[in-house]
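Student: Here it is, the structure in full.
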Amino acid sequence: VFSNSFNRWSFALPGERWRLRGKLLHFPNPFLPFNGIFRLTWSPDSRISQHPQPDSAEEIARLVQPVGLMAILLFVEMCIVTPAIIFTHGAGTLFLIHLGVVYETILLSLVLVFLLRSRLSLSRKELASIAFDCLACPPFAINLVRKLTLRKSIPADPVRFGQNHLPPEQFNELIHGIKEKIKMEIEVTDDLAAAQRLEAYHDQLPGIVK
């Protein structure tokens, strides 16, 4: 899982503790809702690419940056300003005015998404679903960036992607983490062919240096 915060990339490998239907779970930082999160898919049958790949993740991250700025504003409005108003003035006139401001921010965010719909490949159904979630439950709007970036997995080689976007220290951590994950999967799998494919992929990793 790769995360983008205004053109700065980082990564996270899901832990082994939490699984759902055989899949590892990843819990993103709830205090960074403006960060785009991307799931990169890979197959142990494929070789690690030695050439640059089309970078749809970087393009999507760039497109949703204005929505990320709105997410920061919504986070401040809902998680800081709203409790302060309720604590000091209660649910009175000031609270209702503030609620109107929150919905104006949400509407502006949705307008930005509407303008980007074709470049983000959003269908009318997906756009309507996102708008309904944000308007029916305003806290959902804080995670609008993640809703947009997590819609689909991106078929890209995570090793090559990390080599192109991560600083050397983080890239080395990524390689080490992938190696450990592969070793774990080899140990628990009962499929000999799958284990051999994982071993073949693992053997390619030592030669990848940044």
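Student: Would you be so kind as to identify which of Ile175, Leu122, Leu150 lies farthest towards the positive end of the dipole of segment 118-203, taking Lys and Arg as +1 and Asp and Glu as -1 on Cβ and the Cα centre as origin?
Tutor: Most positive-ward Cα: Leu122.
Student: I'd like the accessible area for Ile72, computed on protein heavy atoms only with a 1.4 Å probe and all protein chains in place. Round to 10 Å², please.
Tutor: For Ile72, the solvent-accessible surface is approximately 60 Å².
Student: While we're on this one: Can you sort His165, His26 by solvent-accessible area, 1.4 Å probe, largest first?
Tutor: Largest to smallest exposure gives the sequence His26, His165.
Student: For Glu173 and Ala193, what is the calculated FRET efficiency with R₀ set at 25 Å and r taken between the beta-carbons, to the nearest 0.05?
Tutor: About 0.25, to the nearest 0.05.
Student: Which value in Å does the Kirkwood hydrodynamic radius of segment 137-179 take, with 1/r averaged over all unlike C-alpha pairs and then inverted?
Tutor: Its Kirkwood hydrodynamic radius stands at 12.5 Å.
Student: Just to be sure I understand, if you calculate Cα Rg over 2.2 N^0.38 Å for this structure, which of (1) 0.94; (2) 2.98; (3) 1.22 do you get?
Tutor: The value computed from this structure is option (3).
Student: On to the next question. Given only helices, namely DSSP H runs of n ≥ 4 each adding -39500 (n - 2.57), what is the per-residue ellipticity at 222 nm of the chain, to the nearest 500 deg cm²/dmol?
Tutor: -17000 deg cm²/dmol
Student: Further question on the same structure: Could you work out how far helix 168-188 tilts from the main Cα principal axis of the chain, as a 0 to 90 degree angle to the nearest 10?
Tutor: 70
Student: What nm value, rounded to one decimal, do you get for the distance between Ile72 and Arg124 when each label is placed 7 Å out toward the C-beta?
Tutor: That separation, rounded to one decimal, is 3.6 nm.
Student: Place a +1 charge on the Cβ of each Lys and Arg in the chain and a -1 charge on the Cβ of each Asp and Glu, then give the dipole magnitude about the Cα centre in debye, rounded to the nearest 20.
Tutor: 440
Student: Still on this model: What number, in percent, do you get for the relative contact order of segment 77-210 if the mean sequence gap of Cα pairs under 8 Å and at least 6 apart is divided by its residue count?
Tutor: 14
Student: Which of the peptides 194-202, 32-40, 94-102 is most tightly packed, and how do the rest follow, judged by the mean count of other Cβ atoms within 10 Å per residue?
Tutor: Most protected by this proxy first, the peptides run 32-40, 194-202, 94-102.
Student: Output the 0 to 90 degree angle, nearest 10, between the alpha-carbon long axis of helix 93-115 and the longest principal axis computed from the alpha carbons of the chain.
Tutor: 40
Student: So, one more: Long-range amide H contacts for Gly36: which residues qualify at under 5 Å (H placed 1.01 Å from N, peptide plane, sequence gap of 5 or more or a different chain)?
Tutor: Close amide H contacts, sequence-distant or interchain: Asn4, Phe6.
The values are calculated or read from the model by the stated rules, or taken from the named source; none is laboratory data. Here the structure is a predicted model, which is why all the values come from computation and not from measurement. All Cβ positions, even for glycine, are placed from backbone atoms using ideal geometry, and neighbour counts span all protein chains on display. Surface accessibility is based on the protein's heavy atoms, side chains included, excluding ligands, DNA and RNA. Shrake-Rupley method; radii C 1.70, N 1.55, O 1.52, S 1.80 Å.
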